[in-house]
Amino acid sequence: MSITRRNLLASVGAGAIVMAAPLRSAWAQSKAEFSYKYANNLPLTHPMNIRAKEMADAIQTETAGRVEIRIFPSSQLGSDTDMLSQVRNGGVEFFTLSGLILATLVPASSITGIGFAFSDYDAVWKALDGDLGAHVRKEIAKSNLVPMEKIWDNGFRQITSSIKPIQSADDLRGFKIRVPVSPLWTSMFKAFDSAPASINFNEVYSALQTKVVDGQENPLAIIDTAKLNEVQKFCSITNHMWDGFWFLANKRAWERLPENMRAIVAKNINAAGMKERADVAAMNAGLQKGLTEKGMVFNQTKPDSFRDRLRQGGFYTEWKGKLGEEAWSMLERYSGKLS
């Protein structure tokens, strides 16, 4: 099916109301045996929540109403760090989180976001659906979380600014930029001599609006759905890192499900993740034009200057040491030589 931003948004409709409250269906008259919460930080209009709604409905149908997944989008249940704590202690049963933020708990998960490692989606999916993804999932499992097999797409990230376009690494010197609460992000922008500030996503709009920071970085789909163009003038196409969302389950809650139901839930979560990947790619193809029409000014950048600066600043050497020779070798099979 051809996915466009228009029919993605059209498909939300009444579903937006359903997500914010417990999901209703033909099974609503009898209480589900397993009623689980799924939390995320993205707006209702993002493909993640549209596909999650389809996923939840399919799971409820295929389990004859025994498994109900209620969706809480837009950081309704707290910040990323709050929700990570909740999925660990069982306050929520499912949560999607960037590997780079998860790295505060599972350091190995930051490897997916090494600056300028992946040149395109082909390299990303070969790595994450292959041995690199398997390595990260194995490390996540050591923290009593259950990662689903398919990582969902957040996209290649771009830098926005309220004060100037970013043309090369030199333009980042002294630049006040919001970054997620993640050691790798902070490390990377310090290597550019920027002034990174760690701010949870639910506070980003107000931080930009009040000039606490001058810029931020996110994929185009999030820049658009979170309306960051309202508080940012320039968008520089840097593709400085790829970021994805691990779909995580609380281990105790996961193991409470009978084996046949775990199979149904995992199958539908992974299938929804594959559809979300296609949705994000389709959205990104048209978003630059749409954001330009809303007044955002785009510019291309000089990627070699950024990678050279990271190499000179010791960024790659530092993270090779932190992540280990084995994991770094896996990464370089897809990225080419970095350090």
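The values are calculated or read from the model by the stated rules, or taken from the named source; none is laboratory data. Model, not experiment: these values are computed from the prediction. Don't worry about glycine lacking a Cβ; one is built from the backbone with ideal geometry, like all the others, and counts go over all protein chains shown.
Observations on the model:
- Single unsatisfied condition, S75 versus (1) assigned to a loop (DSSP other than H, G, I, E, B); (2) surrounded by fewer than 17 Cβ atoms within 10 Å (Cβ to Cβ); (3) not basic (K, R): (2)
- Among the strands (runs of 3 or more DSSP E) confined to segment 217-313, the ones with at least 2 residues that are small (G, A, S) and under 30 Å from N144 (Cβ atoms) are located at 242-250.
- Total residues in segment 84-96, condition surrounded by fewer than 24 Cβ atoms within 10 Å (Cβ to Cβ) and either outside the structural domain of T45 (by TED's automatic domain parsing) or assigned to a helix (DSSP H, G or I) (or both): 5
- Residue under evaluation G155, criteria (1) surrounded by 23 or more Cβ atoms within 10 Å (Cβ to Cβ); (2) of a type outside the set (D, E); (3) touching a strand residue (DSSP E or B) at 6+ places or on another chain (Cβ under 6 Å); (4) not in a helix (DSSP H, G or I), criterion not met: (3)
- Filter result for D170 (over 28 Å from D308 (Cβ atoms) and surrounded by fewer than 16 Cβ atoms within 10 Å (Cβ to Cβ)): no
- One residue alone among V297, V280 is touching a Lys or Arg at 6+ places or on another chain (Cβ under 8 Å) and either β-branched (V, I, T) or under 19 Å from T225 (Cβ atoms) (or both), and that residue is V297.
- The C-beta contact set for segment 193-205 (first residue assigned by TED's automatic domain parsing to the domain that holds L310, second residue modelled with pLDDT of 95 or more and surrounded by fewer than 15 Cβ atoms within 10 Å (Cβ to Cβ), distance under 6 angstrom, 6+ apart or interchain) comprises D193/R173.
- Residue count for segment 33-61 under the criterion of being at pLDDT 95 or above, in a loop (DSSP other than H, G, I, E, B) and crowded, with 20+ Cβ neighbours inside 10 Å: the result is 1.
- On the stretch given as segment 280-296, residues that are closer than 15 Å to S236 by Cβ and either surrounded by 14 or more Cβ atoms within 10 Å (Cβ to Cβ) or of a type in the set (K, R) (or both) total 4.
- Qualifying residue in segment 231-248 (condition: more than 23 Å from the chain's Cα centre (by Cα) and closer than 25 Å to D80 by Cα): no
- If you go through segment 186-230 and pick out every residue that is of a type in the set (D, E, K, R) and exposed (fewer than 15 other Cβ atoms within 10 Å of the Cβ), you end up with 6.
- Only residues that are of a type in the set (D, E) and surrounded by 14 or more Cβ atoms within 10 Å (Cβ to Cβ) were counted across segment 309-339, and they come to 2.
- Of A117, A127, all but one fail to be surrounded by 15 or more Cβ atoms within 10 Å (Cβ to Cβ), in contact (Cβ under 8 Å) with a residue 24 or more places away in the chain, of a type in the set (G, A, S) and not in a loop (DSSP other than H, G, I, E, B); the exception is A127.
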